[in-house]
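A.B. asks: Below is the structure I would like to discuss, written out as structure tokens.
The values are calculated or read from the model by the stated rules, or taken from the named source; none is laboratory data. The structure presented is a predicted model; accordingly, all values stated were derived computationally and were not measured. Cβ coordinates were reconstructed from backbone atoms using ideal geometry, including for glycine residues, and neighbour counts include every protein chain displayed. Areas reflect the complete protein model, heavy atoms only, side chains present, ligands, DNA and RNA absent. Shrake-Rupley method; radii C 1.70, N 1.55, O 1.52, S 1.80 Å.
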Amino acid sequence: MSVPSLPTGLPVGHHRPRRLRSTRRMRRLVGETRLHPADLVLPLFVKEGLTEPRPIASMPGVVQHTEETLADAVRAAAEAGVGGVMLFGIPEHRDATGSQADAEDGILQRGIRLARAVAQEAETTTGRAPVVMADTCLDEFTDHGHCGVLATGHDGGVVVDNDATLERYASMAVAQARAGADVVAPSGMMDGQVGVIREALDAAGYSDVGVLAYSAKYASAFYGPFREAVDSTLQGDRRTYQMDAGNAREGLREADLDLAEGADMVMVKPAGSYLDVLAAVAEMSPVPVAAYQVSGEYAMIEAAAANGWIDRRAAVTESVLGIKRAGADVILTYWALELAGWLHDETFGGTR
Ligand code: PBG
């Protein structure tokens with residue numbers, strides 16, 4: 001019987017990539033990309049005045065936390081070995097300039113203080129605690145729901161005022177640092193936001209507080225469920241400050257600018273529909289690259305799984321693994337806690 005040959009002239013038997021896929025233990029050995037709980041960041045919402053956690057209908061399993069349950073969630077993240085938490089605050093009072101965003105006792109600052117205290121306690125007792133990060137953006141705090149303050153443009157229309165917003169971000173970042181944030185995360189896509197925040201932090205004595213820049217942030221339909229998560233009042237869209245979906249080169253430029261302004265980490269967001277941009281940023285970036293698997297990406301998999309259309313655990317794992325494979329060092333995902341548990345099982349228990 002003659003063995004068929006490949007175009008290389010070698011018989012097929014010399015080239016059998018399937019050998020490395022033949023058993024579970026072999027596949028495990030040769031895996032190129034591995035997830036680790038420390039790669040993951042859990043986004044958390046804390047809402048002022050809540051007495052019970054409130055479920056977010058479009059994000060099954062995710063809630064708006066009370067201050068008390070926020071602390072519990074941070075404790076659980078610490079126990080699971082999750083690398084970080086990203087806090088979002090939802091205030092009772094909103095106004096045109098988002099005055100609660102930098103108020104000493106604003107809900108986000110209160111949440112940060114709690115998270116930091118829990119993290120510090122975990123650090124002393126177990127030696128393992130998440131980095132405390134905070135969203136540095138005005139949209140949760142303004143009554144109009146935009147990420148910046150508004151002004152009248154040259155044509156008489158309403159515009160989001162870039163430079164007036166920068167002053168608000170600088171003040172917000174300092175308030176977050178004072179409350180105990182390890183990292184502030186400007187997500188508003190205002191030009192110059194990283195530089196202004198870096199200067200303000202340094203001037204206030206917080207040179208050790210880092211900046212995670214949402215560098216390539218696209219105007220995305222996949223933020224839909226997040227609007228419910230933060231009780232957003234936004235009318236219209238954010239297309240004058242967030243990027244158009246088709247633009248990859250522009251994403252690299254945004255990352256370049258943020259690096260020049262002193263970003264400690266850069267981010268691509270959303271993750272799933274922008275893996276090419278993520279890979280390109282990972283290729284050029286001298287600093288760690290984060291990717292945000294956003295609310296809509298979460299909701300889609302949850303909805304399909306709830307219908308029995310996909311295997312939930314396999315789909316979740318694959319979606320996050322794909323983001324890591326594309327080049328993300330840090331992944332923000334609403335599954336961070338659950339996924340950390342699965343990873344622990346796979347390493348030490350082995351259910352699959
Ligand atoms: C802005 C912000 C948004 C998200 C994170 N930060 C909303 C937006 O830009 O419209 C979206 C996150 C998600 O959809 O999971 N503060």
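A.B. asks: Top to bottom by accessible area (1.4 Å), largest first, where do Asp102, Asp345, Asp258 land?
C.D. replies: Asp345, Asp102, Asp258
A.B. asks: Ranking request for peptides 121-131, 7-17, 163-173: highest mean number of other beta-carbon atoms within 10 Å first, then the rest in descending order.
C.D. replies: Working: 121-131: 15.7, 7-17: 9.2, 163-173: 21.5.
Averaged packing, sorted descending, gives the order 163-173, 121-131, 7-17.
A.B. asks: What distance in nm lies between label points placed 7 Å from Cα along the C-beta direction at Thr51 and Glu199?
C.D. replies: Result: 4.8 nm between the two label points.
A.B. asks: Let me ask something additional. Search the structure for amide H atoms under 5 Å from the amide H of Val131, placed 1.01 Å from N in the peptide plane, and list their residues when 5 or more places away or on another chain.
C.D. replies: Here Gly84, Val85 satisfy the definition.
A.B. asks: Can you list the residues, at least 5 places off or on another chain, whose amide H is less than 5 Å from the amide H of Tyr218, using H built in the peptide plane?
C.D. replies: Met243, Lys269
A.B. asks: Compute the convex hull volume of the Cα atoms of the chain, divide it by the residue count, and report the result per residue in Å³ as a whole number. Walk me through the numbers before you get to the answer.
C.D. replies: Working: hull volume 60.4 nm³, N = 352.
Spread over its residues, the Cα hull of the chain gives 172 Å³ apiece.
A.B. asks: Whenever you get a sec, line up Phe222, Phe348 from highest to lowest accessible area (probe 1.4 Å, protein heavy atoms). All intermediate terms of the calculation are to be shown ahead of the outcome.
C.D. replies: Values: Phe222 65, Phe348 155 Å².
Reading off the accessible areas and sorting them downward yields Phe348, Phe222.
A.B. asks: Quick one: if the Förster radius is 41 Å, what FRET efficiency do Ala76 and Val159 give, using the C-beta to C-beta distance and rounding to 0.05?
C.D. replies: Working: r = 42 Å, r/R0 = 1.03.
Computed FRET efficiency for Ala76 and Val159 comes out at 0.45.
A.B. asks: In whole angstrom, and with the biggest value first, how far do the Cα coordinates of segment 219-352 range along each principal axis?
C.D. replies: Principal extents (Cα only, largest first): 45, 38, 23 Å.
A.B. asks: Continuing with the same structure: Whenever you get a sec, line up Trp342, Trp335, Trp309 from highest to lowest accessible area (probe 1.4 Å, protein heavy atoms). Show your work: numbers first, answer last.
C.D. replies: Working: Trp342 30, Trp335 5, Trp309 185 Å².
Largest to smallest exposure gives the sequence Trp309, Trp342, Trp335.
A.B. asks: Sticking with this structure for a sec: Kindly state, to the nearest 0.05, the FRET efficiency for Asn247 paired with Asp191, given R0 = 25 Å and r defined as their beta-carbon distance.
C.D. replies: On the way: r = 15 Å, r/R0 = 0.62.
For Asn247 and Asp191, the calculated efficiency is 0.95.
A.B. asks: How many times 2.2 N^0.38 Å is the alpha carbon radius of gyration of segment 69-168? Walk me through the intermediate numbers first.
C.D. replies: On the way: Rg = 16.9 Å, N = 100, 2.2 N^0.38 = 12.7 Å.
Segment 69-168 yields a ratio of 1.34.
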